[in-house]
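Engineer: Here it is, the structure in full.
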Amino acid sequence: MAGLRTGYPGLTHTAKQIAAFIGDCDVFCEPFAGLGRVSEHVKANRYVLNDKSSFAFDYLCEHF
């Protein structure tokens, strides 16, 4: 319950657990709009990141 008092955690704390179910792949399409949190933990030859906001686009360009 402590996490609920600090705001919405999003995928920050669950991305690794989700990625564990995916495994290595040729093309990975980020299943959640956002900052590519799951993509950071998946090994792929090509990534499709789907958030179209300008903030997320700039963040993704810097980190991927």
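Engineer: Which order do F57, F28, F64 take by accessible area at a 1.4 Å probe, largest first?
Structural biologist: Working: F57 125, F28 10, F64 100 Å².
Reading off the accessible areas and sorting them downward yields F57, F64, F28.
Engineer: May I ask for the percentage of alpha-carbon pairs in segment 10-64 that lie more than 19 Å from each other? Can you show the working numbers first?
Structural biologist: Working: 311 of 1485 pairs.
Pairs farther apart than 19 Å: 21 percent.
Engineer: If I stretch the segment between F55 and Q17 completely, what's the gain in nm (0.36 nm per residue apart, minus their alpha carbon distance), one decimal?
Structural biologist: Values: separation 38, 0.36 × 38 = 13.68 nm, distance 2.54 nm.
Residue separation times 0.36 nm, minus the Cα-Cα distance, leaves 11.1 nm.
The values are calculated or read from the model by the stated rules, or taken from the named source; none is laboratory data. A quick note: this is a predicted structure, and the numbers were derived from the prediction, not measured. Ligands, DNA and RNA are stripped out before the accessible areas are found, and what is left, the full protein with its side chains, is counted by its heavy atoms. Shrake-Rupley method; radii C 1.70, N 1.55, O 1.52, S 1.80 Å.
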